[in-house]
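**Student:** There's a structure below that I have some questions on.
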Amino acid sequence: MKFHSFYYKIAAACCSVAVLATGCYGDKGNYDYHDINEVTISGIDLENVYQAYAYKSTLEISPKIHSSKDIDPSQYEYTWRIVPRNADADKGATLDEFIVSHEQNLVYPVQLADGDYTGFFEVKDPSTGVTWIQDFYLKVINEGAAGWLIACDDNGRTRLDLIAKDDKGEKDVLYPDLWKNIDFDMGKPLKIFFVGAGTEGFGFPALTTDKGSFALTGNDFQISDDTNLKWYFGIASDQLQVTCSAIETIPTDGLPDWWVIDEEGNIYRTECDMTAFFSYPINMVEGKTPFRAAPFIGVSYCDSWDNPEYTTEDEPWYNFAVIFYDVDGRRFLTKYGVNGYPSVMQCSGTQLFDVETGRDMVFIDSHDTGNNSLTVAVLKDPDSPRYYLYGMDLKYGEVEQLYYGEIGGPDIANARLFALHPTLNALFYATDNKAYRVSLANPGSAREILALDPGEEIVVFKYHKFSSWDAPSWLQENTSRLLVCSNKTNAEPDDPNVGTFRLYDIPSLEDEPITEALKIEGLGKIVDVTAKEYEGL
Amino acid sequence: MKRILIITAMAASLFWSGCQKDLDTYEGESGIYFDHMDKAIQPLLRADTIPFAWGQIAGEILEGKISLQINLIGNVADYDRKFQVKVLETVIPEELKGKMENAVEGVDYQPFETECIIPANEVSTKLDITLLRTEVLQTESRALTIALQESDELKFLYSRELVDKNDNRRRIDLQRVIVMDETLPQPDWWWGDINNIFGDYSMKKAITICDVMGIDRQKWLSDDFGQQTSYIRFIGQHMQRWLDEQNPPVYEEDGETPMEMGPDSQY
């Protein structure tokens, strides 16, 4: 007991000394005080809710920064976040995914879903780490978008860019990477196309990747397993890849036909409306000889209802051939009507070429006018870089040969892409960074029409076929414009925005220069382009 | 004026006493009858007969339940009241002989409890019967007649009556005749171009298509189904391929004609 008492006394003495000692080290008040910088933010409307239309409005806010110390606003770091009111960190939402800009002045083409949002403007003083935040409110109305959809390859992921008109219909605005925050591995893009003919409002863009083919649905371009196109097929592989899709808008029975070819060269047909469903492939020549189809479909876009060449008195409906190409037999095939199998092409009139070509198809397209049904194919010699032009007129129940010849011209051996003018008898080919024009009547020579910077590689070169009149007029005005997309080959490795989208007006006369109608830079690494004409699924 | 007030007051008191008077309630016997107002049964009910269309049920389902409601007329009781039902031999109409037979217990329906109970404080009860699907139903129908049995406590006090042209009256809610067969009506959309895809209609063909393709038969009969031309085209081609693979072949109802789809499905 004595032992314990002794130690209690020692402990009490120590505590007393400690208390007194700390008292001796009192604050002498000799700090070096500085006024800290105070930032106030003005110019953001806090009284009202900002309103924006997705894919039409650009949200522009130019805040004023006032510093209590004389600091240049360019010294600060800025962050703009737009966060949905229902964002839930428990469901994986992170603050970073809502960042829309790091500039002091916000210029944000709105690409958000319908809903209410809170915006945060953050100003950080990097020298002290102090951050000032001003919040504001935003309401987004999303009525969907029509415009150019560009499938870009972002290291094996599909980056979807959109070019649409602003809400005044004047300016073309790029909406980059619409799927930046999507939680779905759709794969690497291979092809993008639009399905629809305006019938019953049925229409949607679709994407083929190395993981399948998907419809892009709704105002927000939704993509998921539920939108996989394989659900439209009675018989199809799980990894169905649509390599070619064509809508025949004036078919025999009055309903638009939707033809597709898959990755194995199988040909399918259905009606392009709400009841679309693909039955068995028809890859048998006359029901006997199996074949694989090249990923090209030749259809007529002729819609002249009073042109007697395309109908008969007894059968005043249309009966255009659909053209396929037999990869194995290296020959043209035709298919008439809804039922049955393709046959080897039978041609009327002068026989300019043998339909058993022995060559490989690299291109086919048709005029898009009301008064003719010209279809042009380009075939390559299998053993040499020599290209041949085949021009055919699709008439009622027959095919007439119109043009044939080897394509000559500068650098034709390096031609990689071809395009047919929708009304003129002009074919175009593109090499790495140049484009040339060929007359269908005289394919032996070509004229250079375009030379891009050597650091650019042309990757899309075509005329887009609008499948219906439901597309907005500003989009349809581009029917006769040559669409050329390129990627920079000399960009920095970490630069994701290497793509450029261009549209060109092509003059009727060969020797007149082409004019650039639109140029948008800053896209991703472009793979393919289509137009979203309207929405209906 | 005072007199008027007195008269008015007297009249009012008379009316008041009238309002207060207890209502006369039913005091007498109680009875039972088969319900004829149930929403599930009423559209199907023809007099005392209820059809049971196996044809509209997926082929792999071999048992079906039918629930007959028996109503009380009269007072509820504070105790259970029992009564009996009895299976009667169905009188097969002359024109149906050879096409319809009496249902056989254990073959066409499972034995069921013939003693029923109107539970205490309840006004109805259910008689559940399990019907069995047999192959013979594809060519013949089976009829099961179930009649209520009168008891001292539950009598036949109410029924609708059917009057024939000779003024004979028949009380039709004291029994129910369940007639079951494999009837699957021809869909309204099976005509015109569909004949080119599926060929001529036969009930056996329609049932085969539904079973092979896993099509819900109610949906099959809907107008919406007939709108799906592209899907129907696929069904035609798929069915023709399936029929081509069958060994022995599938025949139509006559047992001789091989079943086949229409000309548009022959590729």
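**Student:** Could you give me D for the stretch B:56-125, from Stokes-Einstein at 37 °C and 0.692 mPa s, where the hydrodynamic radius is the Kirkwood radius over C-alpha pairs? Units µm² s⁻¹, please.
**Tutor:** So the translational diffusion coefficient is about 213 µm²/s.
**Student:** If r is the Cβ-Cβ distance from A:Arg386 to A:Ala113 and R0 is 41 Å, what FRET efficiency results, to the nearest 0.05? Provide the component values of the computation, followed by the final result.
**Tutor:** Details: r = 52 Å, r/R0 = 1.26.
Efficiency at R0 = 41 Å is approximately 0.20.
**Student:** Now, a different point. Considering the Cα trace of the stretch B:30-181, what is its radius of gyration and what is Dmax, both in angstroms?
**Tutor:** Cα-based Rg and Dmax for the stretch B:30-181 come out at 16.1, 49 Å.
**Student:** Quote the Stokes-Einstein diffusion coefficient, in whole µm² s⁻¹, for the stretch B:151-203, based on the Kirkwood radius over alpha carbon pairs, a temperature of 4 °C and a viscosity of 1.567 mPa s. Kindly include the intermediate steps, with their values, before the conclusion.
**Tutor:** Values: Rh = 15.9 Å.
Here the translational diffusion coefficient equals 81 µm²/s.
**Student:** At a 10 angstrom cut-off on C-beta neighbours, averaged per residue, how do the peptides A:341-353, A:430-442 rank from highest to lowest?
**Tutor:** Packing order, densest peptide first, comes out as A:430-442, A:341-353.
**Student:** Going by Cα centres, the stretch B:183-213 and the stretch A:408-436 are how many Å apart?
**Tutor:** Between the Cα centres of the stretch B:183-213 and the stretch A:408-436 lies a distance of 53 Å.
**Student:** From the C-alpha gyration tensor of the stretch A:39-141, pull out the three semi-axes of the equivalent ellipsoid (sqrt of 5λ each), sorted largest to smallest, in whole Å. Please report the intermediate quantities before stating the final value.
**Tutor:** Numbers: eigenvalues 122, 52, 26 Å².
Taking √(5λ) for each Cα gyration eigenvalue gives 25, 16, 11 Å.
**Student:** Distance between the C-alpha centers of the stretch A:492-527 and the stretch A:205-255? Whole Å please.
**Tutor:** 28
**Student:** Can you give the net charge of the other residues whose Cβ lies under 11 Å from the Cβ of A:Asp220, counting K and R as +1 and D and E as -1? Write out the running numbers ahead of the final one.
**Tutor:** Numbers: positive: none; negative: A:Asp114, A:Glu535.
With Lys, Arg at +1 and Asp, Glu at -1, the net is -2.
**Student:** Can you give the net charge of the other residues whose Cβ lies under 10 Å from the Cβ of B:Ser265, counting K and R as +1 and D and E as -1?
**Tutor:** Numbers: positive: B:Arg233, B:Arg241; negative: B:Glu260, B:Asp264.
Result for the neighbourhood of B:Ser265: 0.
**Student:** Write down the radius of gyration of the stretch B:193-265 and its Dmax, each obtained from C-alpha positions, in Å.
**Tutor:** In order Rg, Dmax, the Cα atoms of the stretch B:193-265 give 11.7, 34 Å.
**Student:** Give me the distance in nm between label points sitting 7 Å out from Cα along the Cα-to-Cβ direction at A:Ser508 and A:Thr350, one decimal.
**Tutor:** Simple spin-label model gives 2.5 nm for this pair.
**Student:** For the stretch A:152-307, evaluate the Debye formula with one uniform point scatterer on each Cα (no solvent term) and list log10 I(q)/I(0) at q = 0.09, 0.10, 0.12 Å⁻¹, rounded to two decimals.
**Tutor:** -0.34, -0.42, -0.59
**Student:** Along Cα→Cβ, 7 Å out, is where each label goes; now give me the distance between the ones at A:Lys180 and B:Ala58 in nm to one decimal.
**Tutor:** 4.7
**Student:** Okay, next question. By a straight-distance test (C-alpha under 17 Å), which lysines pair with B:Lys82 as possible cross-link partners, with residues fewer than eight away in the same chain excluded?
**Tutor:** Straight-distance partners of B:Lys82: B:Lys126, B:Lys155.
**Student:** Ok, one more. Between B:Glu89 and B:Asn247, take the C-beta separation as r, use R0 = 35 Å, and let me know the FRET efficiency to the nearest 0.05. Present the calculation step by step, with values, prior to reporting the outcome.
**Tutor:** Numbers: r = 43 Å, r/R0 = 1.23.
In this case the efficiency is close to 0.20.
**Student:** I would also like to ask the following. Using a Förster distance of 56 angstrom, determine the FRET efficiency expected from the C-beta separation of A:Asn433 and B:Tyr201, and round it to 0.05. Could you put the intermediate results ahead of the total?
**Tutor:** Values: r = 64 Å, r/R0 = 1.14.
Between A:Asn433 and B:Tyr201 the formula returns 0.30.
**Student:** Also: Where the eigenvalues come from the Cα gyration tensor of chain A, what are the semi-axes √(5λ) of the equivalent ellipsoid, largest first, in whole Å?
**Tutor:** Working: eigenvalues 773, 137, 102 Å².
After diagonalising the Cα gyration tensor, the semi-axes are 62, 26, 23 Å.
**Student:** Now, a different point. Which loop GluC sites (Glu not before Pro) in the stretch B:158-267, with loop taken from DSSP, have no more than 10 other Cβ atoms within 10 angstrom of their Cβ?
**Tutor:** Details: sites: B:Glu161, B:Glu182, B:Glu245, B:Glu252, B:Glu253, B:Glu256, B:Glu260; in loops: B:Glu182, B:Glu252, B:Glu253, B:Glu256, B:Glu260.
Of the GluC sites (Glu not before Pro), the ones in loops of the stretch B:158-267 whose Cβ has at most 10 other Cβ atoms within 10 Å are B:Glu256.
**Student:** Take the stretch A:421-537, drop everything but the C-alpha atoms, weight them equally and run the Debye formula without solvent; then report log10 I(q)/I(0) at 0.16, 0.18, 0.19 Å⁻¹ to two decimals.
**Tutor:** These q points yield log10 I(q)/I(0) values of -0.81, -0.98, -1.06.
**Student:** To the nearest whole number, what is the average tally of beta carbon atoms from other chains within 10 Å of the beta carbons of peptide B:223-236? List each step's numbers first, then the result.
**Tutor:** Values: counts 0, 1, 0, 0, 3, 4, 8, 15, 8, 3, 11, 8, 3, 1.
The per-residue average across the peptide is 5.
**Student:** Using only the Cα atoms of the stretch A:147-217, construct the convex hull and provide its projected area averaged over every direction, in square nanometres to one decimal. Please report the intermediate quantities before stating the final value.
**Tutor:** On the way: hull surface 22.5 nm².
Its average projected convex-hull area is 5.6 nm².
**Student:** Shifting gears a bit: Take the eigenvalues of the Cα gyration tensor for the stretch B:23-102, scale each by 5, and report the square roots as semi-axes in whole Å, largest first. Mind showing how you got there, number by number?
**Tutor:** Values: eigenvalues 221, 57, 37 Å².
Result for the stretch B:23-102: semi-axes of 33, 17, 14 Å.
**Student:** I'd like the distance separating the alpha-carbon centroids of the stretch A:150-202 and the stretch B:123-138, in whole Å.
**Tutor:** Between the Cα centre of the stretch A:150-202 and that of the stretch B:123-138, the gap is 57 Å.
**Student:** So if I take the alpha carbon set of the stretch B:111-248, get Rg, then get Rh from the Kirkwood formula, what is the Rg over Rh ratio?
**Tutor:** Details: Rg = 22.5 Å, Rh = 19.5 Å.
For the stretch B:111-248, the value is 1.15.
**Student:** Another question, then. Quick one: work out Rg over Rh on the C-alpha atoms of the stretch A:220-275, Rh as Kirkwood radius. Can you show the working numbers first?
**Tutor:** Working: Rg = 12.3 Å, Rh = 12.4 Å.
Looking at the stretch A:220-275, the ratio lands at 0.99.
**Student:** Other chains' Cβ within 10 Å of A:96-109 residues: what's the mean? Numbers along the way, then the final one.
**Tutor:** Details: counts 0, 0, 0, 0, 0, 0, 0, 0, 0, 0, 0, 0, 0, 0.
If you average over the peptide's residues, the count of other-chain Cβ atoms is 0.
**Student:** Per the Debye formula with a single identical scatterer at each Cα and no solvent contribution, what log10 I(q)/I(0) holds for the stretch A:358-450 at q = 0.16, 0.19, 0.22, 0.25 Å⁻¹?
**Tutor:** Scattering profile of the stretch A:358-450, log10 relative to I(0): -0.60, -0.83, -1.08, -1.34.
**Student:** Can you give the Rg/Rh ratio of chain B, where Rg is from the C-alpha atoms and Rh is the Kirkwood radius? Intermediate results must be reported in sequence, preceding the final value.
**Tutor:** Details: Rg = 27.7 Å, Rh = 22.9 Å.
Ratio of gyration radius to Kirkwood radius for chain B: 1.21.
**Student:** State, to one decimal in nm², a quarter of the convex hull surface area for the C-alpha atoms of the stretch A:101-204, i.e. the direction-averaged projected area.
**Tutor:** Values: hull surface 39.8 nm².
Projected area, direction-averaged: 10.0 nm².
Coordinate-derived values only; no laboratory data. All of these numbers come straight from a predicted model, not from anything done at the bench. Neighbour counts are summed over all protein chains in view; Cβ atoms, including those assigned to glycine, are modelled from backbone coordinates with ideal geometry.
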